[in-house]
Amino acid sequence: MISKKERFKLVTDYFLKHRPVAETELQYTDPYELIVAVILSAQCTDKRVNIITPAFFRQFPAVESLAAADEKDVLELVKSCSYPNSKTGHLIKMARMLIEKFNGIMPSDIDQLQKLPGVGRKTANVIASVIFNKPAMAVDTHVFRVSARIGLTTNAKTPLETEKQLIKYFPDHLIPIAHHWLILHGRYVCQARKPKCGECGLRDFCRYFEMQKT
Ligand code: SF4
């Protein structure tokens, strides 16, 4: 039986070798563009968001223009993603608060970030780790599922429990990239309905795979 510590080491070594570079698939050029893209990506694919954002950023190139935007113009641009009405409201309010409370500068603190409309813990962690390289683990559906299957987490019932268990074992400097390792693995290999265990490099130390054999 592999210990938790060993499992983390084996997974880390595997990804360091096979995915030395792992980044968000959302397209962005600055913190403003990333927060807009992450808000749009809730319950929506990165692919869809990347289709929407080029025109969005042409019309609203900076936080100031979004803060001054008319709701119907924003809605028109985001209508092809999920929950367009609530995302429109969040985006405009987020931009306004960013200007009024933070002088237009993206905060790096998780608690401060969560004060922005439309920004929950997951989005705040993405901004903190991707923009500020902080040891913040954003847990989305892929990270939640893949961590549990591999055995990096045990009986984690909520994203917050998953987050706490993961940051306990991954070294701080690897937490930002580990988030992307798990997302990309979940998106392309360890898929929700049918994990591709036959072609997965983690199977020798994956708890789910072990259990399938018994
Ligand atoms: S062996 Fe299967 S369940 Fe385990 S990580 Fe790979 S794809 Fe997922």
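How tilted is helix 141-150 with respect to the longest principal axis of the chain? Cα atoms for both, answer in degrees (0 to 90, nearest 10).
Helix 141-150 sits at roughly 10 degrees to that axis.
Would you tally the net charge around Glu6, using a Cβ to Cβ cut-off of less than 15 Å, leaving Glu6 out, and scoring K and R as +1, D and E as -1?
Summing Lys/Arg as +1 and Asp/Glu as -1 gives +3.
Can you tell me the orientation of helix 31-40 relative to the chain, as the angle in degrees between its alpha-carbon axis and the longest Cα principal axis, to the nearest 10?
70 degrees
So, counting K/R as plus one and D/E as minus one, what does the shell of residues with Cβ under 11 Å around Glu210 add up to?
With Lys, Arg at +1 and Asp, Glu at -1, the neighbours total +4.
Please give every one of the lysines within straight-line cross-link reach of Lys196, meaning a C-alpha to C-alpha distance under 21 Å, and leave out same-chain neighbours fewer than 8 residues apart.
Lys17, Lys213
Could you order peptides 166-172, 147-153 by the average number of other Cβ atoms within 10 Å of their residues, highest first?
147-153, 166-172
How many angstrom lie between the C-alpha centres of the range 64-103 and the range 31-56?
A separation of 12 Å, based on Cα centres.
To the nearest 500 deg cm²/dmol, what mean residue ellipticity at 222 nm is calculated for the chain from DSSP H runs of n ≥ 4 alone, each contributing -39,500 (n - 2.57), summed and divided by the residues?
Working: 12 runs with 127 residues, N = 214.
Per the formula, -17500 deg cm²/dmol.
Show me the ranking of peptides 61-68, 173-180, 96-103 by mean Cβ neighbours inside 10 Å, starting with the highest.
Result, highest mean first: 173-180, 61-68, 96-103.
Evaluate E = 1/(1 + (r/R0)^6) for Asn85 and Asn133, where r is the Cβ-Cβ distance and R0 equals 30 Å; express this FRET efficiency to the nearest 0.05.
Numbers: r = 34 Å, r/R0 = 1.13.
Taking R0 as 30 Å, the efficiency between Asn85 and Asn133 is 0.30.
Calculated FRET efficiency, Leu160 and Lys72, Cβ-Cβ r, R0 30 Å, to nearest 0.05?
Taking R0 as 30 Å, the efficiency between Leu160 and Lys72 is 0.25.
Which whole-number percentage describes the relative contact order of the chain, with Cα contacts under 8 Å and a sequence gap of 6 or more?
19 percent
Taking the Cα-to-Cβ direction at Asn103 and at Thr29 and moving 7 Å from each Cα, how far apart do the two end points lie in nm?
2.5 nm
Can you grab the distance from the C-alpha centre of the range 126-148 to the C-alpha centre of the range 150-214, Å, no decimals?
12 Å
State which entries of Lys5/Lys194; Lys4/Lys47; Lys5/Lys122; Lys101/Lys168 exceed 31 angstrom in Cα-Cα distance in the structure shown.
Among Lys5/Lys194; Lys4/Lys47; Lys5/Lys122; Lys101/Lys168, the Cα-Cα distance tops 31 Å for Lys4/Lys47; Lys101/Lys168.
With axes computed from alpha carbons, what is the tilt in degrees of helix 4-18 against the longest principal axis of the chain, rounded to the nearest 10 within 0 to 90?
70 degrees
Throughout, read-outs are computed from the coordinates displayed, never taken from laboratory work. Computed from a prediction, not measured in an experiment: that's the story for all the values here. Cβ coordinates were reconstructed from backbone atoms using ideal geometry, including for glycine residues, and neighbour counts include every protein chain displayed.
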